[in-house]
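What follows draws every value from the coordinates through simple rules; no lab data is involved. Keep in mind the model is a prediction, meaning the values are calculated, not measured. All Cβ positions, glycine included, derive from the backbone under ideal geometry; neighbour counts span all protein chains shown.
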């Protein structure tokens, strides 16, 4: 049993970054996640010698992450939606150069400068590309403070296993809420680094080059084919999700992160009223758990997807089930958060005809 | 041209024991992609000569930019990273912070360092990052074939200043060395050229000095090179060297801009 | 009095005929060949046997293709 604490999501995430043996953090303050860099500035260097550097911009942060990741170190940046938009070029380069690292997006409402309140409107950006070129991030979506901690560790493990950058796609609510959390024990920082890392050319080996530039199209295509093969393997082996009450379910509520948390409460309210509602909660949204939706669809009457956006993940749900079941959506936007009662009312209206 | 007959080598002199110069071993055998007479080749050579002389091939990490020298890593036989356009100083910062005991340099052109990447450049300098910035200033965007750079001279013709750079609407050429010398955290800032044998000798000393300072942990050093771009200046290599001497170095005065202890 | 006997060997296949070495040579030892190399460049050649091994040509050579020799004869 690890240490139990009551912690704010952002601070729990920061604590997990220290404990996971991070070598470097590069970031720029932005609401609603500035507690991460504040916590690390105070705690990290004294405890583990981790480098914490406040960059001049998100553009610089993500390129520092590229440089640091290229030395084979365990490194991270965190930001929120507008900052993550600024980082997209760098994320594409990191994906192209196949550098493992962690990017955390504590989402807020948009578009543009938007609002500082929680939102989930960066799903498309996180899962369908974001920057230019054919690439993916491994995207983990925490629905409570515990997963803010657990997904830091899992994110690094997956990222390093595949040399694919990972993202924790959280939101302002996860960042700001306080919950009980169990922390894993301190993992020592690494002292040995991968073969491909630019740590100074060994006398007896070829030099290492970190680059996403492959000017010969024949080579560039081969790089792309190798990346795509990795993505197929990740899709086959690393999809993670949670289900509840599917055994007798006639309907399924779904959502990711904050949306799934609201869906879970709405499911409980529905059960109290005698409706047989289950839940599917993707923990990875890339790779997306298409199969569980596909398998469940013929057995149920409908799916209600709840997201704090205009309906983004719902496109993947519809792609998964085709015409095998009906899919409805309930969302709030611009920093507004759905309440479980309204979700239940919407469910009763669209599926049961109750006004 | 009739009397131009190749004279055979003198076997008395051409012997291994009498070699006074040969290509540094840290420079690869790959033919450079640069245009004939380009200063990049000379600076690549000098940098690798210094790496050889300091015996730090296994301790140095270079950062290549976007621009003509994007393929610098093809020629320098050391570990290298290729940065996004303008971000070399951010990439270099992080490499050095992760491995303070290693040598780090960035190699950047004027568009990369002084236009799109000026924020990264200034902030790395202002933090006093203990690394070397090698800055090639040839007053033009070379790789994209000759557009105006932030360092293009007043009235100089480029493909985007076909009537000459009008400083009233296009701004004045940036003197990056003087600008960075203002920052308290910078340690050694010097401007060099490689347009003749004398200047090449001095330039190499400057590179060596900057890396020695880095070894001592002194902080941010930049060696700016007033370079040439024969192709985009529409000149022969020799004409371009003359332009460096007569025009470029008038605006970009060669010499130390900031030395330890102040000057 | 000591005399400096120099010589140069140019890797002509990598020469781009920029002529910088020719301008840098104080002895007019080097000239551009009327012939071309495989890349199509007229390349630098030694045309006089008067090299002193002063290094000027290699200093300005962007391609790093000139090896310089120097023998001191008493």
Region A:228-294 and region A:295-330: distance between their alpha carbon centers, rounded to Å: 10
Compute the acute angle (0 to 90°) between the alpha-carbon long axis of helix A:217-237 and the principal axis of greatest extent of the alpha-carbon atoms of chain A; round to the nearest 10°. 50
Gyration tensor verdict on region A:1-143 (Cα atoms; rounded if a/c is under 1.5, prolate if a/b is larger than b/c, oblate otherwise): oblate
Comparing A:151, A:214, A:253 in a Gaussian network model of chain A (Cα, 10 Å), the one with the largest mean-square fluctuation is A:214
Using 1/(1 + (r/R0)^6) with R0 = 56 angstrom and r between the beta carbons of residue A:315 and residue B:4, what's the FRET efficiency to the nearest 0.05? 0.15
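Is the shape of region A:90-173 rounded, prolate or oblate, going by the alpha carbon gyration tensor and its root eigenvalues a ≥ b ≥ c, with a/c under 1.5 for rounded and a/b larger than b/c for prolate? Intermediate results must be reported in sequence, preceding the final value.
On the way: a/c = 2.67, a/b = 1.23, b/c = 2.16.
Oblate, since a/c reaches 1.5 and b/c is not below a/b.
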Report the gain in length on full extension from residue B:256 to residue B:126: 0.36 nm times residue separation, minus Cα-Cα distance, nm rounded to one decimal. 44.9 nm
Using just the C-alpha positions of region B:1-130 as equal point scatterers, what log10 of I(q)/I(0) does the Debye formula give at each q in 0.11, 0.14, 0.21, 0.22 1/Å? -0.49, -0.70, -1.27, -1.34
Region B:145-223 versus region B:232-257: alpha-carbon centroid distance in Å: 12
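Is region A:241-352 rounded, prolate or oblate when judged by the Cα gyration tensor, a ≥ b ≥ c being the square roots of its eigenvalues, rounded requiring a/c under 1.5 and prolate requiring a/b larger than b/c?
Values: a/c = 1.44, a/b = 1.05, b/c = 1.38.
Rounded is the answer for region A:241-352, as its axis ratio a/c remains below 1.5.
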Highest-MSF residue in chain B out of B:19, B:66, B:226 [GNM, Cα springs under 10 Å]: B:19
With axes computed from alpha carbons, what is the tilt in degrees of helix A:9-19 against the longest principal axis of chain A, rounded to the nearest 10 within 0 to 90? 40
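List the equivalent ellipsoid semi-axes of chain B in whole Å, largest first, each obtained as the square root of 5λ for an eigenvalue λ of the Cα gyration tensor. Don't skip to the end; give the middle numbers.
On the way: eigenvalues 159, 134, 55 Å².
For chain B, the ellipsoid semi-axes come out as 28, 26, 17 Å.
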Work out how far the C-alpha atoms of region B:133-181 reach from end to end along every principal axis, then list the three figures in whole Å, largest first. 32, 26, 11
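Do the sum for chain A: with -39,500 (n - 2.57) for every DSSP H run of n ≥ 4, divided by all residues, what is the mean residue ellipticity at 222 nm, to the nearest 500 deg cm²/dmol?
Values: 13 runs with 146 residues, N = 355.
After summing the helix terms and dividing by residue count, I get -12500 deg cm²/dmol.
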Could you work out [θ]222 nm for chain C from helices alone, using -39500 (n - 2.57) per DSSP H run of at least four and dividing by all its residues? Round to the nearest 500 deg cm²/dmol. -2500 deg cm²/dmol
Kirkwood hydrodynamic radius of region C:3-73, from inverse mean 1/r over distinct Cα pairs, in Å: 12.0
Set of region A:233-261 residues, backbone N closer than 16 Å to the point 7 Å along the Cα-Cβ line of residue A:290: A:233-240
Inter-label distance for residue A:6 and residue A:132, nm, one decimal - labels placed 7 Å from Cα along Cα-to-Cβ: 5.1
Just to be sure I understand the curve: with the Debye formula and one point per C-alpha of chain A, what is log10 I(q)/I(0) at q = 0.13 Å⁻¹? -0.99
For chain B, with a Gaussian network of springs between Cα atoms less than 10 Å apart, report the residue from B:40, B:195, B:123 with the top mean-square fluctuation. B:123
Semi-axes of region A:4-69's equivalent ellipsoid from the Cα gyration tensor, sqrt of 5 times each eigenvalue, largest first, rounded to whole Å? 20, 15, 9
For an R0 of 60 angstrom, estimate the FRET efficiency from the Cβ-Cβ distance between residue A:337 and residue A:220 and round to the nearest 0.05. 0.85
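Share of antiparallel DSSP beta bridges in region A:181-337, in percent to the nearest 5?
Beta bridges within region A:181-337, antiparallel portion: roughly 20 percent.
Rounded to the nearest 500, what is the 222 nm mean residue ellipticity of chain B from helices alone, with -39500 (n - 2.57) per DSSP H run of 4+ residues and division by all residues?
When only DSSP H runs of four or more count, the value is -8500 deg cm²/dmol.
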Please compute, over every Cα-Cα pair in the protein assembly as shown, the percentage with a separation greater than 49 angstrom. 27
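When DSSP beta bridges are limited to those with both residues in region B:136-256, what percentage is antiparallel, rounded to the nearest 5? Write out the running numbers ahead of the final one.
Details: 5 of 14 bridges.
So the antiparallel bridges amount to about 35 percent of the total.
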Work the Kirkwood hydrodynamic radius out for region A:122-276: mean of 1/r over every pair of different alpha-carbon atoms, inverted, in Å. 19.2
Starting from one equal scatterer on each C-alpha and no solvent at all, send me the Debye-based log10 I(q)/I(0) for region B:153-263 at q = 0.12, 0.17, 0.21 Å⁻¹, two decimals. -0.50, -0.89, -1.13
From the Cα centre of region A:141-161 to that of region A:35-77, the distance in Å is 17
